[in-house]
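Please read the structure below before turning to the comments.
Where a number appears in this text, it was derived from the coordinates with a stated rule and is not lab data. Bear in mind the structure is a predicted one, so any value in this text is a computation, not a measurement. Please note: Cβ atoms are built from the backbone with ideal geometry, for glycine as well, and neighbour counts cover all protein chains shown.
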Amino acid sequence: MDYIVQLASGFTGLFDEGAKTFVSWVTGIIPKVLLLLVFMNALIAFIGPKRVDNFAKLCSKNVVLAYGVLPFLSAFMLGNPMALSMGKFLPERMKPSYYASASYHCHTNSGIFPHINVGEIFIYLGIANGITQLGLNITPLAIHYLLVGLVMNFFAGWATDFTTKIVMKQQGIMLKNELQIK
């Protein structure tokens, strides 16, 4: 009987822990994401949707801008996960590649810009702690992490471009290559 009581107690405890996690989200990440969404939409309204569309259109004409510059600026200005939403200004064909690049930018840039992805800074700090214990400066690590990230994140987007084309051909679909301005 004790085994059944422990099993039932553990089962209930699982939901207690889930509820604690949910409450932490409701008081932590959900308001942050909501406010970032409001901020991004306000910023777009302030700058002007036409200007943002034109900037995205400019970025969509060059893979370096689309998978290098735009994702970096989005990650720097908006942080994770809002940087991913800037892909809505690109043509459908470029959205998978933008997402690949921008999602990586939300990780590799956090060493020097911790505001981008506060939730993952512990990974970088774990590595940085080992370097600090060796008596070394962590700034070169952060800069190398950023520079390697800039190059590799671009290639992640570019490689996704090629796989998107292969899948489009395989599935017999054609994603729009032109920006649809509303």
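The ellipsoid equivalent to the alpha-carbon distribution of the chain has semi-axes of 35, 25, 19 angstrom, derived from the gyration tensor eigenvalues as √(5λ) and listed largest first. Principal-axis analysis of the Cα atoms of the chain puts helix 2-27 at an angle of about 40° to the longest axis.
Taking every Cα-Cα distance in the range 142-182 and sorting them into 10 Å bins from zero, the calculated P(r) comes out as 24, 32, 27, 16, 1 percent.
Of the trypsin sites (Lys or Arg not before Pro) found in the range 1-78, those in coil by DSSP whose Cβ has at most 16 other Cβ atoms within 10 Å are Lys61. Taking every DSSP helix (H) stretch of at least 4 residues in the chain, weighting each as -39,500 (n - 2.57) and dividing the sum by the residue count yields a mean residue ellipticity at 222 nm of -23500 deg cm²/dmol.
Computed 3J(HN,Hα) for the range 85-90, one whole-Hz value per residue from the Karplus formula 6.51 cos²θ - 1.76 cosθ + 1.60 where θ = phi - 60°, is 6, 5, x, 5, 8, 9, glycine and proline marked x. When the Cα gyration tensor is reduced to axis lengths a ≥ b ≥ c, the ratio a/c is 1.5 or higher for the range 23-129, and with a/b not above b/c it is classed as oblate.
Rounded to the nearest whole Hz, the Karplus-based 3J(HN,Hα) values (6.51 cos²θ - 1.76 cosθ + 1.60, θ = phi - 60°) of the range 65-81 follow the sequence 5, 5, 10, x, 6, 4, x, 5, 4, 5, 5, 5, 7, 10, x, 8, x, with x at glycine and proline.
Given the C-alpha centroids of the range 4-70 and the range 101-172, what is the distance between them in whole angstrom? With the range 4-70 and the range 101-172 each reduced to a Cα centre, they are spaced 18 Å. Taking every lysine pair in the chain that is 8 or more places apart or spans two chains, those with Cα atoms closer than 14 Å amount to 13.
Full-extension gain between Lys176 and Gln133, please, as 0.36 nm times their residue separation minus the C-alpha to C-alpha distance.
10.3 nm
What angle do you read, to the nearest 10 degrees and between 0 and 90, between the alpha-carbon axis of helix 29-47 and the longest principal axis of the chain? Its long axis makes an angle of about 20 degrees.
Phi-derived couplings, Karplus 6.51 cos²θ - 1.76 cosθ + 1.60 at θ = phi - 60°, listed residue by residue for the range 161-172: 4, 5, 5, 4, 4, 5, 5, 4, 5, 5, 8, x Hz, with x used for Gly and Pro.
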